[in-house]
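All remarks here apply to the structure that follows.
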Amino acid sequence: MPPSPAAVPDPGRDPDAPAVTTAARLAAEFAEGAAHRDRDRILPAAEIHRLTEAGLFALSVPAELGGADVGVPVLTEVFRLLAAADPSIAQIPHSHYVFLELLRRQGSPAQQAFFFGEVLAGRRLANAQSERGSRTVAEDRTTLTPRSGGGYVLEGEKFYATGSLLAHWLVVRAVLPHADPLLDGSRPKAVAFVRADAPGVSVVDDWQGIGQRTTGSGTVRLERVHVPEEHVLPYTREFAAPTAYGSFAQVLHAALDAGIARAALSAAVAETARARPWFESGAEHAVDDPLLVQQAGECEITVRAAEALLREAARAVDTARTAPDAQNTAAASVATAVAKVACARAAVEASSVLFELAGTRAAAEPLGLSRFWRDARTHTLHDPTRWKVQHIGRWTLTATAPPRHGLI
């Protein structure tokens, strides 16, 4: 008897999809040079090129435009696998996929055909969102102003523009100062797709983070950059109705933390096998020390729980992304917030427990084991988990839906 339709795997959501197999193969190769790239701050240009050649920057291109159109569970697993090998490499495609999601939802058919076509041709996107000096990270000073000859003029400066040093297009969030104010008095925002080599655009290699050192996160300066009208998409409008845009972005962030957690625990296991037992344990080998056994077991529980919550969130986001409504988008945001908190905690815990399991020798600089903690601590600062816990609590107690602002 043939399987029922419900039992037939969807190639876009099957965890054994070709994209996952390809990501696992490349991740295994990338892991070998991760410590060296981190130590000497070598940007992974060759590795990113290989990901592009393998089609891993084009996984969400709609099927009707010739893409693989994979589901969120597959994309999340690809990110987790890459992060377990090298979190910097995994972070570079993050904004690329997030803005492709905005293109899918807010782009005109012509815009979708052009930019998804660019992606299929091997072009990569990078974000230019965050700014220094504003009161909060949600406020922008970069402006997109109508130009007398048509199109817009883009002016401003962005920081922490992940992947910008390796991108073909920069996606810049900007205020529309000429537009009617919103109810709160602020002006609506748009995003401008700008060629990285366009006149007036400069990208400075000045990222100095303690972790995620090779994400290509430069400062982007924009001086009277001409942007054609067809290269501008609404941004504020995305949050006017139920949307999975925020949970989609956040579940990929959670996948990075889950990957770091698993990689740190795997490194701990390898190093503990070479460690000496504490003399009071009476054990012949460190792996037989009952106190280390307890720590390892507790850490495995933490990491596995984070991975399970990540998979659950990915399925929820996939459902909301396919047919968004008020209930399923709120549920997806909460599930993703739960996963993000769990994955962040797991990454920081596992990368710290690594040293306790492996012992003093693990602190030797040549081993490069500090990169797991530095990457975890840096990436988990992206958006505070304390506010996610608040939204989870309100949902639990009063069924209050999380806000729509793209960070949950």
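Within region 214-221, does at least one residue satisfy the condition of being of a type in the set (A, V, I, L, M), under 23 Å from Val341 (Cβ atoms), touching a Ser or Thr at 6+ places or on another chain (Cβ under 9 Å) and not in a helix (DSSP H, G or I)? Scanning region 214-221, I find no residue that is of a type in the set (A, V, I, L, M), under 23 Å from Val341 (Cβ atoms), touching a Ser or Thr at 6+ places or on another chain (Cβ under 9 Å) and not in a helix (DSSP H, G or I), so the answer is no.
As an exercise: evaluate Ser352 against (1) under 23 Å from Thr215 (Cβ atoms); (2) touching a Gly at 6+ places or on another chain (Cβ under 8 Å) and give the number of the one condition it does not meet. Every listed condition holds for Ser352 apart from (2).
Please indicate, with yes or no, whether at least one residue in region 388-408 is buried (at least 24 other Cβ atoms within 10 Å of the Cβ), under 27 Å from Val78 (Cβ atoms), modelled with pLDDT of 95 or more and touching a Gly at 6+ places or on another chain (Cβ under 9 Å). Yes, there is a match, as at least one residue in region 388-408 is buried (at least 24 other Cβ atoms within 10 Å of the Cβ), under 27 Å from Val78 (Cβ atoms), modelled with pLDDT of 95 or more and touching a Gly at 6+ places or on another chain (Cβ under 9 Å).
Just so you know, in region 273-303 the residues that are farther than 17 Å from Arg262 by Cα and among the charged types (D, E, K, R) include one that is surrounded by the most Cβ atoms within 10 Å (Cβ to Cβ), and it is Asp289. You will find that of Ala198, Ala190, Ala174, the residue that is closer than 18 Å to Glu230 by Cβ, touching a Gly at 6+ places or on another chain (Cβ under 9 Å) and modelled with pLDDT of 95 or more is Ala174 and no other. In region 320-339 there is at least one residue that is without any contact (Cβ under 8 Å) to a residue 12 or more places away in the chain and not in a helix (DSSP H, G or I). In summary, helices (runs of 4 or more DSSP H) completely within region 42-150 and bearing 2 or more residues that are of a type in the set (S, T, N, Q) occur at 87-106, 109-120. Considering (1) part of a helix (DSSP H, G or I); (2) more than 14 Å from the chain's Cα centre (by Cα), say which one Phe159 fails and leave the rest. Checking Phe159 against (1) part of a helix (DSSP H, G or I); (2) more than 14 Å from the chain's Cα centre (by Cα), the one that fails is (1).
Applying the set (1) polar (S, T, N, Q); (2) outside the structural domain of Val201 (by TED's automatic domain parsing); (3) modelled with pLDDT under 95 to Ser88 leaves exactly one unmet item: (3).
The values are calculated or read from the model by the stated rules, or taken from the named source; none is laboratory data. These figures come from a predicted structure and were not determined experimentally. A quick note on method: Cβ atoms are made from the backbone with ideal geometry, for glycine too, and the neighbour counts reach across all protein chains shown.
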